[in-house]
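We did not get these values from a lab; they are worked out from the coordinates using the rules stated. This one's a predicted model, so the numbers in the text were calculated from it and none came from an experiment. So basically every Cβ, Gly included, is an ideal-geometry build from the backbone, and we count neighbours across all protein chains shown.
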Amino acid sequence: MIVLRDFDKSYFRKESVVTVGTFDGVHLGHRQIFKTLNEISISGNLRKVAVTFEP
């Protein structure tokens, strides 16, 4: 995992699949989001990106 503290668009030069949310715990809904993100990433050879926010 790479943690970016500032948005650097050069990181996204490779095509990516992105989810955005406040992931305050990994409950069943979040697990499904990350499972789907992973499936799309694998099928399309895309970089996985999760954008979240600190409280």
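The list (i) 0.96; (ii) 2.44; (iii) 1.17 gives values of Cα Rg over 2.2 N^0.38 Å, and only one came from this structure; which label was calculated from it?
Computing Cα Rg over 2.2 N^0.38 Å and matching it to (i) 0.96; (ii) 2.44; (iii) 1.17 gives (iii).
Sorted from fewest to most neighbouring beta carbons within 10 Å, what does the list Glu54, Glu39 look like?
Least to most surrounded, the residues fall as Glu54, Glu39.
Once label points are set 7 Å from the Cα along Cα→Cβ at both Ser41 and Glu15, what is their separation, rounded to one decimal in nm?
Between Ser41 and Glu15, the simple spin-label model gives 1.7 nm.
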